[in-house]
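Here the structure is laid out as structure tokens; the discussion comes afterwards.
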Amino acid sequence: MIRPATSEDIPSLVDIWLRASLLAHDFIPASFWHERAEDMARIYLPGAETFVLDAAGRPIGFAALNGEHLEALFIDPEVQSFGHGTHLMAHAMGQRERITLCVYSRNVRAVSFYRRLGFRVVEERREPLSGENEILMHWARRRD
């Protein structure tokens, strides 16, 4: 079930975000992610339109949109590779006519995932907080 996030979900979502970030971004020091956990809980998640994917009564992933920009898509590492990210993205894509997102260039798995969903690369640039290269990607609903 996909539903809007509540304030009670925030601790679970931050935990998913942190564990998934550490796993997917091993090229960035762990301290970078730990230092941003409080901002994720207090600023980013509450400031976004966040959809939670529940399974067996607990959050296993989320997608956070800020207007037409996907700020975050994270799945609990314990249940990755079962189509949950695709399910959440289908929901998000059903909510918008177009979506942009940024993904680290070295996160090859995520770049491939978004390409399979129809996102295209707009530009590559340096993300100022981490100093890593990131790719800006764009998707737009096809008009028949």
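Odds and ends about this structure:
- Within the stretch 104-114, being of a type outside the set (Val, Ile, Thr), assigned to a helix (DSSP H, G or I) and surrounded by 14 or more Cβ atoms within 10 Å (Cβ to Cβ) holds for Ala110, Phe113, Tyr114.
- Residue match in the stretch 86-98 (condition: of a type in the set (A, V, I, L, M, F, W, C), under 18 Å from Leu22 (Cβ atoms) and without any contact (Cβ under 8 Å) to a residue 12 or more places away in the chain): no
- Taken over the stretch 49-70, the criterion of being of a type in the set (D, E, K, R) and either more than 25 Å from Leu117 (Cβ to Cβ) or surrounded by 18 or more Cβ atoms within 10 Å (Cβ to Cβ) (or both) is satisfied by Arg58 alone.
- Residue list for the stretch 29-48, filter: surrounded by 15 or more Cβ atoms within 10 Å (Cβ to Cβ) and either part of a helix (DSSP H, G or I) or under 12 Å from the mean Cα position of the chain (by Cα) (or both): Phe32, Trp33, Met40, Ala41, Tyr44, Leu45, Ala48
- Test: residue in the stretch 123-136 that is surrounded by 18 or more Cβ atoms within 10 Å (Cβ to Cβ) and assigned to a strand (DSSP E or B): yes
- Residue check for Ala140: among the small types (Gly, Ala, Ser) and touching a Lys or Arg at 6+ places or on another chain (Cβ under 7 Å): yes
- Residues being of a type in the set (S, T, N, Q), at pLDDT 95 or above and within 19 Å of Val111 (Cβ to Cβ) are represented in the stretch 14-28 by at least one member.
- Positions within the stretch 1-28 being among the basic types (Lys, Arg) and either surrounded by 15 or more Cβ atoms within 10 Å (Cβ to Cβ) or under 14 Å from the mean Cα position of the chain (by Cα) (or both), in sequence order: Arg19
The values are calculated or read from the model by the stated rules, or taken from the named source; none is laboratory data. Owing to the predicted nature of the structure, the values given are computational and were not obtained by experimental measurement. Heads up, the Cβs are rebuilt from the backbone with ideal geometry, glycines too, and the neighbour counts pull from every protein chain shown.
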